[in-house]
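Visitor: Below is one structure. I have some questions about it.
Values quoted throughout were computed directly from the atomic coordinates according to the rules given, and no laboratory measurement underlies them. If you're wondering where the values come from, they're calculated on a predicted model, not measured in any experiment. As a convention, Cβ positions derive from the backbone with ideal geometry for all residues, glycine included, and neighbour counts pool all protein chains shown.
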Ligand SMILES: NC(=O)c1ccc[n+]([C@@H]2O[C@H](COP(=O)([O-])OP(=O)(O)OC[C@H]3O[C@@H](n4cnc5c(N)ncnc54)[C@H](OP(=O)(O)O)[C@@H]3O)[C@@H](O)[C@H]2O)c1
């Protein structure tokens, strides 16, 4: 078996509610569920606000079998000076969702991040490595993980990294635009990680769910790179001619610290689903589908 999901999978998981359905990963999930003919509802603000337990009870009924939480405070730099608001969404709201899933007997799929780790390792982070985030976003996401683990609900906690899709604002769409508009661009070369196609992430998550897997998993594309190497490949595939140059994190200061090494170990997932496709393979597919309005 390869990392590609079985197209017939997922038939026993509905009705499904996708939370944060208008976001980058939320859309990948809605399109996947639609293509598989799985009964689902996509909910987002302002209809559903997961920071409000009453709103959760009102919109996620007792018949729901699976709740997929794609909602989050994902502005990593913004979290630094809005940590209480980020905590309400990335942690407390996740606790509310987990409690509700336990009450109605639904399975919760929740997404977390490589940023729960300290970035000081020199080999990929396994699912049971201790959490030690270096920024506010990572702290709030780590607290969300703990609330799920403590809730007693049936859950799949999937950590991922460097997400991209043919839609929405993301690193790939941003780099296509910048390498088209500029003659020269500096991109950080001292942070390494694993890019992840949102479409492949959704399909792999559905396969894990469908195969009865529960607990913590890491799902990313295979291989690893720096942001600079990622940008060079995006520029090449987009056919742009900009001179992309490597720089250091010190030269490209941001409000939030970033882990230097955030490669997630995907071997547990690969032992169930087979090998994940290499990031260059998934990137070429996504760039081939890139929506003009995203770039
Ligand atoms: N993006 C990455 O590179 C990355 C990397 C690692 C992990 N992840 C994780 O992957 C998951 C999906 O990320 P993403 O990039 O797809 O997120 P996204 O595009 O930012 O989408 C999040 C969605 O949640 C909605 N939302 C915000 N507050 C809400 C609330 N109170 N109740 C209900 N919905 C709410 C947002 O609506 P508004 O737009 O109106 O606020 C948005 O539609 C997140 O858990 C994230 O932490 C992402």
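Visitor: Please report the antiparallel percentage of the DSSP beta bridges confined to the chain, to the nearest 5.
Guide: Numbers: 2 of 35 bridges.
Taking every DSSP beta bridge with both residues in the chain, the antiparallel ones total about 5 percent.
Visitor: What value in Å³ per residue do you get for the convex hull of the alpha-carbon atoms in segment 74-117?
Guide: Working: hull volume 3.3 nm³, N = 44.
Dividing the Cα hull volume of segment 74-117 by its residues yields 75 Å³.
Visitor: Which value, to two decimals, describes the C-alpha radius of gyration of the chain once divided by 2.2 N^0.38 Å? Kindly include the intermediate steps, with their values, before the conclusion.
Guide: Details: Rg = 18.5 Å, N = 295, 2.2 N^0.38 = 19.1 Å.
Normalised Rg, Cα atoms only: 0.97.
Visitor: Compute the projected area of the convex hull of the Cα atoms of segment 188-270, averaged over all viewing directions, and report it in nm² to one decimal place. Don't jump to the answer; show the numbers that get you there.
Guide: On the way: hull surface 27.7 nm².
Reported value for the Cα convex hull: 6.9 nm².
Visitor: Full-extension gain between residue 39 and residue 103, please, as 0.36 nm times their residue separation minus the C-alpha to C-alpha distance. Show your work: numbers first, answer last.
Guide: Values: separation 64, 0.36 × 64 = 23.04 nm, distance 2.10 nm.
Here the answer is 20.9 nm.
Visitor: Just grab the label-to-label distance for residue 291 and residue 247, each label 7 Å out from Cα along the Cβ direction, in nm (one decimal).
Guide: 3.0
Visitor: Fully extended, how many nm does the chain gain between residue 236 and residue 182 (0.36 nm per residue separation, minus their Cα-Cα distance)? Could you put the intermediate results ahead of the total?
Guide: Numbers: separation 54, 0.36 × 54 = 19.44 nm, distance 1.45 nm.
Additional length available on full extension: 18.0 nm.
Visitor: Would you please classify the overall shape of segment 1-132 from the alpha carbon gyration tensor, given that a ≥ b ≥ c denote the square roots of the eigenvalues, rounded means a/c under 1.5, and beyond that prolate means a/b larger than b/c while oblate covers the rest? Write down the numbers at each step before the final one.
Guide: On the way: a/c = 1.84, a/b = 1.19, b/c = 1.55.
Note, shape of segment 1-132 comes out oblate.
Visitor: Order the peptides 201-207, 39-45 from the highest to the lowest mean number of other Cβ atoms within 10 Å of their residues.
Guide: 201-207, 39-45
Visitor: Specify the inter-centroid distance of segment 16-77 and segment 195-270, based on alpha-carbon positions, in whole Å.
Guide: 23
Visitor: Still on this structure, please answer the following. Quick check on the exposure proxy: order 171, 73 from fewest to most C-beta atoms within 10 angstrom. Let's see the in-between values first.
Guide: Working: 171 16, 73 21.
With the sparsest Cβ surroundings first, the list reads 171, 73.
Visitor: Once you keep just the Cα pairs under 8 angstrom separated by 6 or more residues, what percentage relative contact order results for segment 198-295? List each step's numbers first, then the result.
Guide: Details: 53 pairs, mean separation 42.8, N = 98.
The normalised contact order for segment 198-295 reaches 44 percent.
Visitor: Rounded, prolate or oblate: which one fits segment 72-158, using the alpha carbon gyration tensor with axes a ≥ b ≥ c (rounded when a/c is under 1.5, else prolate when a/b beats b/c, else oblate)?
Guide: Working: a/c = 2.68, a/b = 1.32, b/c = 2.03.
Oblate is the answer for segment 72-158, as a/c is 1.5 or above yet b/c matches or exceeds a/b.
Visitor: If I take every Cα pair under 8 Å that is 6 or more residues apart in the chain, average their sequence separation and divide by the length, what percent do I get for the relative contact order?
Guide: Numbers: 628 pairs, mean separation 66.4, N = 295.
Computed over the chain, the figure is 23 percent.
Visitor: Add -39500 (n - 2.57) for each DSSP H run of 4 or more in the chain, then divide by its residues: what number comes out at 222 nm, to the nearest 500 deg cm²/dmol?
Guide: Numbers: 11 runs with 113 residues, N = 295.
So the helix-based figure for the chain works out to -11500 deg cm²/dmol.
Visitor: Please say if segment 147-295 is rounded, prolate or oblate, where rounded means a/c under 1.5 for a ≥ b ≥ c the square roots of the C-alpha gyration tensor eigenvalues, and otherwise the choice is prolate for a/b larger than b/c and oblate otherwise?
Guide: It comes out prolate by the Cα gyration axes.
Visitor: Per-residue counts of other Cβ atoms within 10 Å, averaged by peptide: what ranking do you get for 75-81, 172-178, highest first? Mind dumping the intermediate values first?
Guide: Values: 75-81: 16.3, 172-178: 20.7.
Packing order, densest peptide first, comes out as 172-178, 75-81.
Visitor: Subtracting the Cα-Cα distance from 0.36 nm times the residue separation, let me have the gained length for residue 130 to residue 214 in nm, one decimal. All intermediate terms of the calculation are to be shown ahead of the outcome.
Guide: Working: separation 84, 0.36 × 84 = 30.24 nm, distance 1.90 nm.
Gain on extension, residue 130 to residue 214, equals 28.3 nm.
Visitor: Find the Rg to Rh ratio for segment 96-217, where Rh is the Kirkwood radius over alpha-carbon pairs and Rg uses the same atoms. It would help to have the intermediate numbers written out before the result.
Guide: On the way: Rg = 16.9 Å, Rh = 16.4 Å.
We get a ratio of 1.03 for segment 96-217.
Visitor: Now a separate question. How much of the DSSP beta bridge set in segment 103-251 is antiparallel, as a percent to the nearest 5? Spell out each step's value before the answer.
Guide: Numbers: 2 of 20 bridges.
The antiparallel proportion sits near 10 percent.
Visitor: Give the calculated FRET efficiency between residue 123 and residue 278 to the nearest 0.05, with a Förster radius of 25 Å applied to their Cβ-Cβ distance. Please report the intermediate quantities before stating the final value.
Guide: Values: r = 19 Å, r/R0 = 0.75.
Computed FRET efficiency for residue 123 and residue 278 comes out at 0.85.
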